[in-house]
Each structure stands twice: as C-alpha cells, then as structure tokens.
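Chemist: The structure's right below; bear with me while I get my questions together.
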There are 2 protein chains.
Amino acid sequence: MSLKYAVLAALLEGEASGYELSKVFDVSLANFWASTPQQLYRELERLAQDGLIEARVVRQERRPDKRMFTLTEAGRRDLDAFAATPPRRPTAIRDELLIKIQAMDGVDPDATRALVEERGAWSRGKLARYRRVRERLLAGRTEAEYLRETDRVGPYLTLMGGIGFEEENLRWCERVLTVLRQRAPLG
Amino acid sequence: MSLKYAVLAALLEGEASGYELSKVFDVSLANFWASTPQQLYRELERLAQDGLIEARVVRQERRPDKRMFTLTEAGRRDLDAFAATPPRRPTAIRDELLIKIQAMDGVDPDATRALVEERGAWSRGKLARYRRVRERLLAGRTEAEYLRETDRVGPYLTLMGGIGFEEENLRWCERVLTVLRQRAPLG
DNA sequence: CCGCCTTAGTCGCATTGTTGAGTAGGTGCG
DNA sequence: CGCACCTACTCAACAATGCGACTAAGGCGG
C-alpha cells in the first residue's frame, strides 16, 4: 500500500522512467522503503491505470523504448492527503543481522566478528554516498542558507534521517566489536 | 524465511507458548523483526513439523490449554548455522512517516508537525521500556560487570541496538521540528 | 568476434504478510 | 449482573513481496 506513495513521492522530483526509478530506489528511497524493480514496474502499471500518473512512450534509436512517467493532478492530491494523515502502523525494521546477533552466543566469535565488520563497511559506503548527495544539495551553502532558499525541505530531512541512521549503525557496530574483543581477547 | 530464525532465537530464552512469544515479539523482538500473532502460530506449526521445535500440551484448569515449545537439538544446530552465515539481504526499513516527510512540502506544516510529535512520543515510550529492560538485566551491576558475568551477550547487544535506534529517532524528530518552526515561525 | 555489462523492461509462481473474524472460558470493575 | 478485557489460540481469504529467469539491443575490453 505504501509503495504506491513512495513512487508518487519519487515522482515529485520530476518525470522519470521505471528504470530510473529503480535506480533512485536503490540509492535514496531505499533508505526507508526498499523495493525490487519488478515491484516498481507493477506499481507503475497500477498507478497509470488509476490515473495517478501519466505515461509517455519515448522512442529511442539505439536503446529500447522507454516510458516516462509524471504525476497527474489527481496523483498529487492523493499524495498530499496521504502525507497529512498519521501512519497506520509504526516503523518496521527487518534486520537479519540482529537475529544473528541475538543468537550469536552459540557461534564462533570470529564468524560473528566478520558479519559485523561487513555491516560496518556497508554502512560506511552508504554514509559516503549520502554525504555526497548532501554536498550536492547544499552546493557550498550552509544548511541554514540551503533551508531558507529551497522550496522542498522534505527530501533533505529524509536524507538527514538516512545519515543519522547509518551513523548510529556504525556506532553500534563499534560497540559490538569492542564486546567481542573483550570476550575473546587477542584471538 | 527469517521469521523462522527469529522464533528459534526467541526460544533460546527457554520454553514458551505461542501466546507468550507473541508478547515477546511485541516488546523486544519487534525491535528488529515485527510479526503478528497469526504469523507466529503458523511458523510454530511449521517448525514443529520440521522437528526444529517440540510442542508439549499443558492442560490448565481455569484457562484454555496451551502448547509450550522448546528448541530441539536440530533446531539449535539450524539456528547456529544461520547465525554464522552472512545475511542474504541488507537491512530493510519500512517507515511510512519518512514517505510522508519526503512529500511534506505540499502539506500544511501543522499537520506534519503533529505527525512528527506523535512519532517522538512513541519513541520516548519505547525507549523507556527498553531502558527498564536494561536495568533489569544489569541488576545494579555496571555494564562491564554484567558482560563479564553473563553467558549470553547477544540479547544485550540487540537491546542496545534498539536503544540507539530510538535515541537516533528522537534526535531526528527534534531536528525536523526545528526546521518546521523556522519555516513557519510563531504560527 | 566472444562474452559480459548496461539499458529497459516482462512473466509467473511461490512465499510472506495482513485483515478480520471466530471460539471459549475466566477475571475484574462498578 | 453485565460488559469489557485477558488468555490462548484457529481459520480463511487476500494483498504484497520476492525469486529467478527471459527478451532484446548496443557497448566495450581483450
């Protein structure tokens, strides 16, 4: 149900093809609503049928044709209504690693250490990408200047959410690694 | 697929009924793997059929009978194997509020403010419960003492993950509220 | 010039997850 | 003494998600 609105929100940035959206979902939206390309294409189909987005086929010479999608007025109204009402359900996190940590005490500490280090590396990567996006948005301005001058603060605030989340992740990884080191000192 | 291991991990704490597990999932496991009672009962059924857990019917006089579940040796081995291998997919967050924030710029700021305040209140509640659980675990000891004396650090580390996550949530809420105040000053 | 990568998707089934209701006795509250 | 809530589940139906492969063309490196 919410994938629908995630897609509509992504189209606030302007016209995009399904393929482009699947890239956007990978890097920025994936932060708070992950999905596979297949899900996206399906959702776009539905949204177009419901008149919330409009499709326009772009013929290409040396590439497969693509369909570019834009928000319709109806879509924008639907999205605005969604954005103004309280979430039906709280945040859901699905984190396999945490299950593995919960059950770590029956397992070789070195194996666990490897998992946590992998997660840490991944978080550092995400963080670096988020920060580059932030630099691009700020374009040399301070945050205060940016916030005064831009007309859309939403994407900036969700980006900062992603940055905070990954920073917290890294702190947690460090903590876990410290505990692991104390448990099995100087393996 | 992972709900299975979340359940097995929960049973590391000892024998439990489906009903008890559904409570546990509400308060502690919900932190990183949410599920409804219905899902749990289905999963327990499957796990019992696969021989990973064992059921024992407890007749009760003034209550409906209940089935208590324990991990079998096979279940423990399966869980240990799971816990030692890298997660197939990265963390997935599903947060409707962030979609609403992403799309907030078409919406009355007071409506958005209300959503964020609600989230903040909810996070504070979760945090309070997490901290009570932590106090109970520590039982007056310092963290270092606790970690030296306990045989299972996994549950403590996931708990600290939950605490860090909610703290980060609160910081983010504050940040969003500050921006909202600056945008619509002294409404 | 062979094989792999990228663009731009599509198909279909299998697994998961969600919704809503039903059962059935016991407990506590005013 | 009536009503709501708690324990302890079960069932059916449906919606959402995931998995894996498939098409089809051009580009690029060795």
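Chemist: So, in segment B:11-36, how many residues would count as being open to solvent by 10 Å² or more (accessible area, probe 1.4 Å) and either at pLDDT below 90 or within 12 Å of the chain's Cα centre (by Cα) (or both)?
Modeler: Final tally of qualifying residues: 12.
Chemist: Scan segment A:33-44 residue by residue and report those that are more than 11 Å from DNA strand C (Cβ to nearest atom) and assigned to a loop (DSSP other than H, G, I, E, B).
Modeler: A:A34, A:S35
Chemist: When you go through (1) at the interface with chain A (Cβ under 9 Å from one of its Cβ atoms); (2) out of contact with any helix residue (DSSP H, G or I) (no Cβ under 8 Å at 6 or more places or on another chain) one by one for B:E167, which number turns out not to apply?
Modeler: (2)
Chemist: I need a count of the residues in segment B:66-95 that are in contact with a strand residue (DSSP E or B) (Cβ under 6 Å, 6 or more places away or on another chain), more than 7 Å from chain A (Cβ to nearest Cβ) and without any contact (Cβ under 8 Å) to a residue 24 or more places away in the chain.
Modeler: 1
Chemist: Same structure again: Please count how many residues of segment B:1-10 are touching a residue at least 60 places away in the same chain (Cβ under 8 Å) and open to solvent by 20 Å² or more (accessible area, probe 1.4 Å).
Modeler: The qualifying residues number 1.
Chemist: Those residues that are part of a helix (DSSP H, G or I), closer than 21 Å to A:R131 by Cα and more than 10 Å from DNA strand C (Cβ to nearest atom), I need them from segment A:10-30; list them, please.
Modeler: A:A10, A:E13, A:V24, A:F25, A:D26, A:V27, A:L29, A:A30
Chemist: Report, by residue number, each residue of segment A:1-20 that is within 14 Å of chain B (Cβ to nearest Cβ), within 15 Å of DNA strand D (Cβ to nearest atom) and either farther than 21 Å from A:M160 by Cα or out of contact with any strand residue (DSSP E or B) (no Cβ under 6 Å at 6 or more places or on another chain) (or both).
Modeler: A:M1, A:S2, A:L3, A:K4, A:Y5, A:V7, A:L8, A:A9, A:A10
Chemist: Here's another thing I want to ask about it. Which of (1) within 12 Å of DNA strand C (Cβ to nearest atom); (2) away from chain B (no Cβ under 14 Å) is the odd one out, the single condition A:L47 does not satisfy?
Modeler: (1)
Chemist: Let me ask something else. Mind counting the residues in segment A:21-40 that are near DNA strand D (Cβ under 10 Å from one of its atoms) and acidic (D, E)?
Modeler: Total satisfying the criteria: 0.
Chemist: For the subset of segment A:48-58 comprising residues that are open to solvent by 80 Å² or more (accessible area, probe 1.4 Å) and within 15 Å of A:Y19 (Cβ to Cβ), which member is nearest to DNA strand D (Cβ to nearest atom)?
Modeler: A:V57
Chemist: So, one more: Give segment B:59-78 a look and list any residue that's within 15 Å of DNA strand D (Cβ to nearest atom) and in a strand (DSSP E or B), or say none.
Modeler: B:K66, B:R67, B:M68, B:F69, B:T70
Chemist: Only one of A:R136, A:R113, A:R94 is more than 20 Å from B:W172 (Cβ to Cβ) and modelled with pLDDT under 95; which?
Modeler: A:R136
The values are calculated or read from the model by the stated rules, or taken from the named source; none is laboratory data. Keep in mind that this is a model prediction, so the values were computed, not measured. When we count neighbours, we look across all protein chains shown, and the Cβ atoms used for this are built from the backbone with ideal geometry, even at glycine. Keep in mind that these areas ignore ligands, DNA and RNA; they rest on the heavy atoms of the full protein, side chains included. Shrake-Rupley method; radii C 1.70, N 1.55, O 1.52, S 1.80 Å.
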